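Written out below as structure tokens is the structure these notes cover.
The values are calculated or read from the model by the stated rules, or taken from the named source; none is laboratory data. Quantities reported herein were computed from a predicted structural model and do not represent experimental measurements. Virtual Cβ from ideal backbone geometry, glycine too; neighbours counted across all protein chains shown. Ligands, DNA and RNA are stripped out before the accessible areas are found, and what is left, the full protein with its side chains, is counted by its heavy atoms. Shrake-Rupley method; radii C 1.70, N 1.55, O 1.52, S 1.80 Å.
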Amino acid sequence: FAVVNLTERGSHKDMLNAIAKNLMDAQLISDRQSVADALLKRELQGALGIPRSTLALFHSKDRHVLKPIFRIYALPKPLPLKAMDQEDMMMKHALVLLSPESLSPQGLELLSHISALIIESEETLALFQSEDKEKIYAYLSQRLWDYSHQKFFNASQKS
């Protein structure tokens, strides 16, 4: 997990290329262009903006993703985007959730849980827009621990 301030200005494609470069530099992906193309393809499939926020959730699977990734990218200037409710919005934060194509069903379920946490309430939307890495990390750590404990506890109760 990381919060990254992008400095590159430009189009959506420029932003996605900058994100892919950042991920490549961090050695989280093995092919910059493939991941940038996957993110762009996902954007073209439908609205990614989260209503009542400045957040957009970019998610994809790609064989060049080396491990599950969740990063928040703060943009240097807002970009126009369609929200999931089809309203126009201005995106200030790109939330990037990526997984390898070979991720287990349990891993995919965990990533899906992270995306659900983001939209859980007005408070969580505000938290993810805050760019406060420590508070976001603490929140995710607690909520993912709760989730893991619940899954483990529920599984052991059924045995």
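So which of I50, I119 ends up being at pLDDT 95 or above and hydrophobic (A, V, I, L, M, F, W, C)?
Unique residue meeting the criteria: I50.
Restricting to the range 27-40, what's the tally of residues that are touching a Lys or Arg at 6+ places or on another chain (Cβ under 9 Å) and not basic (K, R)?
Qualifying residue count for the region: 7.
Scan the range 43-96 residue by residue and report those that are under 20 Å from Q33 (Cβ atoms), in contact with a Pro (Cβ under 8 Å, 6 or more places away or on another chain) and not charged (D, E, K, R).
Answer for the range 43-96, where residues must be under 20 Å from Q33 (Cβ atoms), in contact with a Pro (Cβ under 8 Å, 6 or more places away or on another chain) and not charged (D, E, K, R): V65, L66.
Being surrounded by 12 or more Cβ atoms within 10 Å (Cβ to Cβ) and out of contact with any Leu (no Cβ under 7 Å at 6 or more places or on another chain) is the filter; apply it to the range 141-155 and report the residue that is modelled with the lowest pLDDT.
K151
Go through the residues of the range 32-41 one by one and say whether even a single one is open to solvent by less than 80 Å² (accessible area, probe 1.4 Å) and under 14 Å from L66 (Cα atoms).
Among the residues of the range 32-41, at least one is open to solvent by less than 80 Å² (accessible area, probe 1.4 Å) and under 14 Å from L66 (Cα atoms), which makes the answer yes.
Give the residues of the range 81-132 that are among the hydrophobic types (A, V, I, L, M, F, W, C), farther than 21 Å from E8 by Cα, free of Cβ contacts under 8 Å to residues at least 60 places away in the same chain and surrounded by 13 or more Cβ atoms within 10 Å (Cβ to Cβ), sorted by residue number.
A83, M84, L103, L108, L110, L111, I114, L117, L127
Looking at (1) in contact with a strand residue (DSSP E or B) (Cβ under 6 Å, 6 or more places away or on another chain); (2) of a type outside the set (A, V, I, L, M); (3) modelled with pLDDT under 95, can you tell me which one P100 breaks?
Condition (3) is where P100 drops out.
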